[in-house]
Amino acid sequence: MRIDVISAVPKILFSPLNESIIKRAVSKKIAEINIHDLRTYASGKYRQIDDKPFGGGAGMVLKPEPLFKCLEKLTDERKYDNIIFLTPQGVKFNQKKANSLSLNKNIILICGHYKGVDQRVIDKFVSMEISIGDYVITGGELAALIVIDSIVRLIPGVLGDSESALTDSFQVASGFDAPVYTRPAEYKGMKVPEILVNGDHKKIAEWKHQQGEKKYKRIIKKKI
């Protein structure tokens, strides 16, 4: 998978993309991640990438020219399955969306900034607008990192345990994973549930499903 990220503040992205699972995926050449500094595509002495909105109002808007230049260059070089704009006004990102995007070959992530991007960029290029939640953050870079991490880990060969991604929360029927334990079996008077150490895999599976479903219902009820 190739992921191109267009950002007004690319330095935010470098460190997280060079650690842990994402670094492993890139090292294995399973994923290719390219960061594009929007200012590189701006013109003029100060390489301005934003301007005041027509019609007045607070804040600044990312200009169309740099984004068009970057997107035209990328789309001339290859075909993209999706060009995604990260915005709080987009469709809520979830595990189902992550699963779907992980099957793509090439995607572009456009990081919003300030008050957003000129609508003409969205009208011309964007196939999907994604939000990571009903709140506002300074820019789309952190949202891009969340999307990248959630889809790259699903690509076959990235995780050491081939079943890890398949048994994550929201991948299982109950919604959440069951509580997990490891050695020692007893610590400071607190014991691991007996069912997990008795070796009956059928009963363990049933217990895990029940516990995951129980937690899911409890948490969802709190949200409501």
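Of note:
- Sequence of V158, V197 when ordered by accessible area, the most exposed leading, probe 1.4 angstrom: V197, V158
- Accessible surface for Y181 stands near 120 Å², nearest 10, in the context of the full protein assembly shown (1.4 Å probe).
- Accessible area (Å², 1.4 Å probe, nearest 10) - M128: 40 Å²
- Heavy atoms of D51 accessible to a 1.4 Å probe, total area in Å² rounded to 10: 70 Å²
- Residue-averaged 222 nm ellipticity for the chain, from DSSP H runs of 4+ at -39500 (n - 2.57), nearest 500: -10500 deg cm²/dmol
- Counted charge near S43, where neighbours are those whose Cβ lies closer than 15 Å (Asp, Glu -1; Lys, Arg +1): +1
- The stretch 118-138 and the stretch 25-80 have their alpha-carbon centroids 13 Å apart.
- Under 19 Å from K52, Cα to Cα: aspartates and glutamates that are on another chain or at least 8 residues apart: E65, D118
- Solvent-accessible area, 1.4 Å probe, carbon plus sulfur percent, for the chain: 52 percent
- Residue-count net charge about Y181 - beta-carbon cut-off 14 Å; Lys, Arg +1, Asp, Glu -1: +1
- Neighbour cut-off at most 10 other Cβ (10 Å), DSSP loop, chymotrypsin sites (Phe, Trp or Tyr not before Pro), the stretch 1-82: Y46, F54
- Qualifying trypsin sites (Lys or Arg not before Pro) in the stretch 16-124, DSSP loop, other Cβ atoms within 10 Å at most 15: K28, K29, K45, R47, R78, K79, K105, K115
- Within-10-Å neighbourhood charge of S7 [Cβ basis; K, R +1; D, E -1]: 0
- Ligands, DNA and RNA are left out, and with a 1.4 angstrom probe the accessible area of the stretch 1-62 is 61 Å² per residue.
The values are calculated or read from the model by the stated rules, or taken from the named source; none is laboratory data. Since the structure is predicted, the reported quantities are computational estimates derived from the model, not experimental observations. Here Cβ is always computed from backbone atoms with ideal geometry, including for glycine, and neighbour counts include all displayed protein chains. The accessibility values were calculated without ligands, DNA or RNA, using every heavy atom of the protein model including side chains. Shrake-Rupley method; radii C 1.70, N 1.55, O 1.52, S 1.80 Å.
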